[in-house]
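**Student:** Next up is a structure, given as structure tokens.
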Amino acid sequence: MRTTAMGLLSLLVLAVAGVCASGAPAGAQQGTLEREFRAAAAEYGVPVEILKAMGYVNTRWEMPSEESRDGGWGIMHLVRNETTDTLGEASRLTGLPVQRLMTDRAANIRGGAALLARAQRGSPEDLNAWYEAVAEVGGGRLYANQVYETLQRGASATISTGETISLASQSGATPQGVLSSQSTADYPGAVWYPASTSNYTAASRPGSHPIDRIVIHVTQGSYASAMNWFQNPAAGVSAHYTVRSADGLVGQSVREKDIAWHAGNWEYNTRSIGIEHEGFVDDPKWFTEAMYQSSAKLVAYLCKKYGIPIDRGHIIGHSEVPGATHTDPGPYWDWDKYLSYVRQYAGGSAGGYRQVVDNADVVTSGRFSASSGWGWSRYSASKYYWNYRFAKPKAVSDTAKYRFDIPATGDYAVYAWWPSNPGYNRATPIGIKTTAGWRWVRVDQTRNGGRWVYLGTFNLARGDEWKIQISRWTSGSGYVIADAMKVVRK
């Protein structure tokens, strides 16, 4: 596509302002991902629904820039490790270079489609007839079940490029039984999917070693890919439990009495229980309420069973293990909320309340709302999560709104986050709905960007409703920014 000199100049001016003409980030093309899936499906004669469901299970339709823990690349999780080389096979089938399959989204999807077609060796119309092929490409029946569960319920998402994509529910898609009886797991309700004996050390804890810590991990991949990797004798890693994002399903791979290889530190391995959480550290969409609640129940059970104190000294992230090179669970893991749930399920105080609502929650939870008068951008690197909303000052009633679920009437500290840019508005009005009515504060958004800014403590009423709003009705010429808000009660 040709771009005129005038067009380039216009784009440059908008980039400097921190936005692009449509309000979308530079490079976003609505519907491109859908077309890429359909083109690959048509080229190789595979159902586009299955191809999309595989992409959703793998990465929630994002294109990761790094390889997964088991050597997987891209939306279609093309793998290259000591025992598997679907990446190389995809290159052979498509004629595309390995590097392009690793980094180019459309090529990666084509590679996945080619592998699926080769595994099926035919093109039946019945989606269920593709089950074994999906299992072959994805590394096992656990993966195929996760794909078919996604087909059953459908899915939709707005990804970080700004594209919106959906998968309609396929009511006839049928997962198949692959797991052992739940009664064989240590934790009631967990499913038993044992790791290879090459990936952990047999022991008799807590007699042989005390258990006094819990280490929180993020899989950097799908639930199925993590648990399948633990079954691979060449992996050299494992965890005791893995928690699924969509519904909080808990899988167990190593007995609590045995020493899983998860922390990268032998002493910590001997005395801890490792819990993986499906997702990626830089994408908070994976950290669902179902996941937090389910994981907290598991941790409460473990803390009571082994007498582990419920605090941040004993429930830690992988990044906090001495000598760790990993960053999980990352900046989006909500420790305050998580520990409050653990305490609640352990039968103690629920602890403090903390809730963050980001502008992206218009998609994930419906807790943000703004009119078309508010554009969106990814220009500033100091944004909270992957974009933010902006609007020109105007004397109109057009607010960006944030919905919070306040557990009990009382005093709460309120914080705001906006990106750093000296061209933003110096008197942005932020309203907080208190028990005495709306209270307004004005903030200088040219300063203190890229961090939580304390707005004050306010008496808020119990209930789930629109509690905070940001108004465009202000003086000055700089953009008014709506990014993230946080409410905390100690």
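The values are calculated or read from the model by the stated rules, or taken from the named source; none is laboratory data. Values in this document were obtained by computation on a predicted structure and should not be read as measured data. Cβ sites come from the backbone with ideal geometry, for glycine too, and all protein chains shown count toward neighbours. The area values use the complete protein model at the heavy-atom level, side chains included, leaving out ligands, DNA and RNA. Shrake-Rupley method; radii C 1.70, N 1.55, O 1.52, S 1.80 Å.
**Student:** Under a no-solvent Debye model with one identical scatterer per Cα of the range 72-133, what's log10 I(q)/I(0) at q = 0.23, 0.28 Å⁻¹?
**Tutor:** Each listed q corresponds, in turn, to -0.88, -1.11.
**Student:** Then there's this: Would you mind telling me the antiparallel percentage of the DSSP bridges in the chain, rounded to 5? Could the numbers behind the result be given before it?
**Tutor:** Details: 57 of 70 bridges.
Counting only bridges with both partners in the chain, antiparallel ones make up about 80 percent.
**Student:** Oh, and also: Rounded to the nearest 0.05, what FRET efficiency is calculated for Ser475 and Ala436 with R0 set to 30 Å and r the Cβ-Cβ distance?
**Tutor:** About 0.70, to the nearest 0.05.
**Student:** How long is the gain from Ser371 to Glu320 if the chain were fully straight, where each residue apart is worth 0.36 nm and the alpha carbon distance is subtracted?
**Tutor:** Length difference between fully extended and current span is 14.2 nm.
**Student:** In nm, what is the difference between 0.36 nm times the number of residues separating Asp212 and Ser397 and their Cα-Cα distance?
**Tutor:** Details: separation 185, 0.36 × 185 = 66.60 nm, distance 5.46 nm.
Extra length available between Asp212 and Ser397 comes to 61.1 nm.
**Student:** Might you work out the accessible area of Ile273 for me, using a 1.4 Å probe with all protein chains in place, and round it to the nearest 10 Å²?
**Tutor:** Counting only protein heavy atoms, the figure is 0 Å².
**Student:** If exposed means no more than 16 neighbouring beta carbons inside 10 Å and the site is in a DSSP loop, what's the longest run of the chain without any exposed GluC sites (Glu not before Pro)?
**Tutor:** 126-490
**Student:** Straight-line reach only, C-alpha to C-alpha below 17 angstrom: list the lysines that Lys392 could link to, leaving out same-chain residues fewer than 8 apart.
**Tutor:** Lys401
**Student:** Counting only C-alpha contacts under 8 Å and six or more residues apart, can you give the relative contact order of the range 50-170 as a whole percent?
**Tutor:** So the answer I get is 21 percent.
**Student:** Run the quick spin-label model on Arg312 and Ala168: label points 7 Å from Cα toward the beta carbon, then report their separation in nm to one decimal.
**Tutor:** Simple spin-label model gives 4.8 nm for this pair.
**Student:** Need one number: nm distance between label points at Asn128 and Ala202, each 7 Å from Cα along Cα→Cβ, rounded to one decimal.
**Tutor:** Between Asn128 and Ala202, the simple spin-label model gives 4.1 nm.
**Student:** Further question: Once you keep just the Cα pairs under 8 angstrom separated by 6 or more residues, what percentage relative contact order results for the chain?
**Tutor:** On the way: 1063 pairs, mean separation 54.8, N = 490.
That works out to 11 percent.
**Student:** Calculate the FRET efficiency for Asn459 and Arg92 from the Cβ-Cβ distance with a Förster distance of 51 Å, rounded to the nearest 0.05. Could the numbers behind the result be given before it?
**Tutor:** Values: r = 66 Å, r/R0 = 1.29.
Efficiency at R0 = 51 Å is approximately 0.20.
**Student:** How much length is gained on full extension from Glu43 to Asp85, taking 0.36 nm per residue of separation minus their Cα-Cα distance?
**Tutor:** Residue separation times 0.36 nm, minus the Cα-Cα distance, leaves 12.9 nm.
**Student:** If the cut-off is a Cα-Cα distance under 26 Å, which lysines reach Lys297, setting aside same-chain residues fewer than 8 apart in sequence?
**Tutor:** List returned: Lys257, Lys285, Lys305, Lys337, Lys486, Lys490.
**Student:** Can you show me the helix-derived [θ] at 222 nm for the chain, built from DSSP H runs with n ≥ 4 at -39,500 (n - 2.57) apiece and divided by the number of residues, rounded to the nearest 500.
**Tutor:** Using -39500 (n - 2.57) per qualifying helix, the result is -8500 deg cm²/dmol.
**Student:** Counting only protein heavy atoms, what percent of the accessible surface of the chain is carbon or sulfur at a 1.4 Å probe?
**Tutor:** In the chain, the share of accessible area belonging to carbon and sulfur is 50 percent.
**Student:** Regarding the range 27-81, what is the average projected area of its C-alpha convex hull, in nm²?
**Tutor:** About 4.3 nm², averaged over all directions.
**Student:** Sorted from largest down, give the three principal axis spans of the alpha carbons of the range 186-310, whole angstrom values.
**Tutor:** So the extents along the principal axes, rounded to whole Å, are 39, 34, 25.
**Student:** Another question, if that's okay. Where the centre of each part is set by its Cα atoms, how far does the range 78-93 sit from the range 106-178, in angstrom?
**Tutor:** 18 Å
**Student:** Treating only the Cβ atoms of Lys and Arg (+1) and Asp and Glu (-1) as charged, compute the dipole magnitude of the chain about its Cα centre; round to the nearest 20 debye.
**Tutor:** Values: 49 positive and 43 negative charges, 346 e Å.
About 1660 debye.
**Student:** Moving on to the next point. So what's the Cα pair-distance distribution over the chain, bin width 10 Å, in %?
**Tutor:** Pairs per bin, as whole percents: 4, 18, 26, 25, 19, 8, 1, 0.
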